[in-house]
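Have a look at the structure below, then the notes.
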Amino acid sequence: MRAFPILAAALASLAFVGPASARDDGEAARCAGYAARLDGSLGERSGVAAYRAWALFLDGYNPIPFSPAAVSNEVARRCGDAAERPRALMFLQHFLAATGDLDAAEAIAREALATAPSKGSRKTLARLRLRRGDEAGALALVRPDVRPGFSDQRILAELYDDLGRELGGDADQRATLPLLAKGEAYWRAVAAADPSRESQMGLARIISQQGYPLERLGQARAAADAYGRAAVIVEALRARPLDRFDEQSLSAALMTLYVSQARALADAGDRAGTTDAATKASALIDGEVFAPPGSGLDGQIATGRWAGDPTAGSTADAFRQIGANLVKVGAPDAALPFLRFVADFRAQAARAEGRPYGGRDLVRVAEAQRLARRPAEAMATLEGALPLLRAPGPDLMPGVGQIFVAEGLLEKGLALDALGRGAEACAAFREARVTFSPEPTHYPMSGPLLTQLDEAVARPACAKPL
């Protein structure tokens, strides 16, 4: 029920990779021609976001610092390699569609369909036709592959559903909303004619998909409403008699919706709404109920039911988001149980896998403790976190480790300041600022952190040359 399941959409489109016999010199030249179109879009912030959404087709290629020329050259290189060209073309088709170059995207899809006709290649082209408003053309492409008895409304509903999974990578999120609204209208018609679980979930899914673009457009309240409308539908389905599998599936979908709603409400500054959505989400863990309703967050988490269980990774991710949202709306006490769960889970998972635990989650715990006016507890947490931060795991990219250390030192300085230990706080701020040099500015998180550090060391009590 995620608003933007880009991986699922990407894997589905693998079906249109052409056979080796089609990868001739002409295809390589056409591929390189499409690659030459990249520079303009990659120079825009929205284009970079679209690139990151579809870079999985390039094995996550991520030049540091980011460079449009480096990306174009890499794609062109892959276009010249017969083995890598199919994925390069898939990247180009998705990226060009996401940045509004529908002519080029459709040309690639038509070439793929001519080379290797398949259900997947027909659906890919059909989704591009929907982007142009050509529903009749989309229907004509996919109708031969549809089960007998499916109405045109049902076919279009599912096509818009598939398209919705791709739209989160689009540079122009405003243009995605009318498409999703059309999909909602078709799913409503289908659900009215056949109020089955499948059709109701289709309706809930297309409504929830509207939340992501609304969030990106800064319309947090409208996004929260979309997630809430979808949650109402799923709640009604859960009220029906269900077998255990369906109960688990619906509960997991509902938890995701409540986590998303809490995030949007936090962005809207709605503390009561954020807390309510977080509380609802906390009782729904991978389709299971943590503890009886009303037992409280601490009681639910204290059950330890998922302690050390690697399958609880999605739970930890959800709890991390919930904790961050509660901190954002000024409810650090409520956030602490969630953040502690995340830190404990990640530490146990690292031990189970025989790798070092990085400790960054502990910094978030310390932040919540400080904001909850428990600076002594925050300092104790940081004493355990900083040694872990200074010994990062081998999988970190260049510059990330120093960012994490600087975050920990900044939090240490803020906790010391809250304890009235000003001189020590200034020393921590200065150490954090020096740790951040040279500045790894190619990471989005580096900008706000650098601003915080510069403001901290510029305090009158701390002002002296670094």
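Each value in this text was obtained by applying a stated rule to the coordinates, not by laboratory testing. Every value quoted in this text rests on a predicted model; they were computed, and no experiment measured them. Every residue, glycine as well, gets a Cβ built from its backbone with ideal geometry; the counts of neighbours run over all protein chains shown.
Nearest 0.05, what FRET efficiency do E235 and V146 give at R0 = 30 Å with Cβ-Cβ as r? FRET efficiency, E235 to V146: 0.45. Ignoring aspartates and glutamates fewer than eight residues from K328 along the same chain, the ones with Cα atoms less than 12 angstrom from its Cα are D267, D270, E367. Among the trypsin sites (Lys or Arg not before Pro) in region 108-149, those placed in a DSSP loop whose Cβ has at most 14 other Cβ atoms within 10 Å are R132.
Grab the other residues whose beta carbon is less than 13 angstrom from that of K280, score K and R as +1, D and E as -1, and report the net. Spell out each step's value before the answer.
Numbers: positive: R238; negative: E235, D276.
That works out to -1.
Equivalent-ellipsoid semi-axes for region 141-294 (Cα gyration tensor, √(5λ), whole Å, largest first): 27, 22, 11.
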